[in-house]
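Take a look at the structure set out below.
The values are calculated or read from the model by the stated rules, or taken from the named source; none is laboratory data. Everything quoted here is computed from the prediction, not taken from an experiment. A quick note on method: Cβ atoms are made from the backbone with ideal geometry, for glycine too, and the neighbour counts reach across all protein chains shown. We work out accessible area using only protein heavy atoms, side chains counted, and drop any ligands, DNA or RNA first. Shrake-Rupley method; radii C 1.70, N 1.55, O 1.52, S 1.80 Å.
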Amino acid sequence: MAQAQATEASASRILPSCDAYWETIQSRKKLPKSLQESLTDAFARIPVAAFPNVPGGKVIEISADTSVADAVKTLSESNIMSAPVRNPDVGDTGDWRERYLGIMDYSAVILWILENAELAAVALSAGSATAAGVGAGAVGALGALAVGATGPLAVAGLTAAAVGAAVAGGVAADRGTGKDGPTAAGSLGEDFYKVILREEPFKSTTVKQIIKSYRWAPFLPVATDSSMLSVLLLLSKYRLRSVPVIETGKPFIKNFITQSAVVQGLETCKGRDWFDYIAARPISDFGLPFMSNNEVISVKGNDLILEAFKRMKEHKIGGLPVVEDPNQKLIGRISIRDVRFLLLQPEIFSTFRELTVVEFMKTVASTTQESGNVSPLVKCKLDASFGSVIKSLASKLVHRIYVVAGEEDSVIGVITLRDVISCFILEPPNHFNNYFGLAAKEMLDS
């Protein structure tokens, strides 16, 4: 009951937090209101069908019966952050509500790993699932394990027989007593990796099993005849990272519009009078960065990499700057998509409980052959132009730029894709209720 109440309370804060963010932006922008109104009206008249299709013209989908590990491989190999999840039990008939179950992204993977990795460690270190006190149907792992809480009650939907089978099957472990999740996970080494990916039940964990429990955002598609203004509002004010596009009366996703794709599209407007006027202005004219330096969530190089992922989960953000004391000097960055290295590279995953952030960054750089897939560190100064920020986000395919100051590049703010999109539009009165309706509001609140 307490867990359900906590979930409801969290959901009830989503829309108010969106309103607070939006009000802050509008109060800080220094653009002429007539220009903002003209841009908003222009985007309201552009149909979603006019937006370019995804590369290759076909939306990559993940079947709900795909294993979590294979889903991560699909995201990584396709160089995408998320993909719609298709119900394999539904054919080509029906509507999208039956065909699609949600969106699979790296945030869901992080929550799953935080919970189940430490669960496996407790069971293995104790020598058996029974000794660890793992019981079928126990609840409360999400949140408890994610913040390092101890005890066998922090287990969700995992049977004693399943983890016990992994131990009995020959997976060796340090038989400690009284170990909690963090301590146990740090001592397992390669055996830890074997259980989480190669042994049951983790090996068989499918996308369907985690898509509902570990989501950060709802599956909220728009029709091809919708306006781009509605899409931009969903991707900015309402915090969605991607918006599926459907054709009315058809069950298939025709397009998949992401925050990154929108900013890339805006950058192609260079040369048009309205864009050049906006692009030439300093970021301070837009109130950027919206966060003050004491609001920026960061990690230090000697923090554990797991702590970085926990902070992303806790604050629902997709990346963190890595800083050094005493002046918050920017030395690196950690992105939510870096979680793929934990699943796809055993040498990293087997020691991730002991790895510091700096060690993790070095290990990824030295073991990743496809260095082009490692996102670069992008920064700018306070006097940077808005256009240069858009160009960097679009050309370097990153989701945030860190604002730095002084000779030591001390972090004083961050500019995200969401922030950039927000600068171009206003929300007309009652637009959300008139266009999206009560059903969409309930989905955003769920």
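A few notes on this one:
- Checking the Cα-Cα distances for Lys208/Lys316; Lys29/Lys58; Lys313/Lys379; Lys73/Lys254; Lys212/Lys254; Lys254/Lys381 against a 28 Å cut-off, the pairs over it are Lys29/Lys58; Lys254/Lys381.
- Per residue, the accessible area of segment 220-361 comes to 37 Å² when a 1.4 Å probe rolls over the protein heavy atoms.
- Counting 0.36 nm for each residue step from Asp276 to Ser213 and taking away their Cα separation leaves a gain of 18.3 nm.
- Compactness ratio for segment 273-423: Cα radius of gyration over 2.2 N^0.38 Å (N = residue count) comes to 1.09.
- Residues Ala223 and Ser388, FRET efficiency given R0 of 25 Å [Cβ-Cβ distance, rounded to 0.05]: 0.10
- Antiparallel DSSP beta bridges within segment 273-423, percent to nearest 5: 75
- Per-residue packing, averaged as other Cβ atoms within 10 Å, sorts the ranges 327-333, 382-388 into the order 327-333, 382-388, beginning with the highest.
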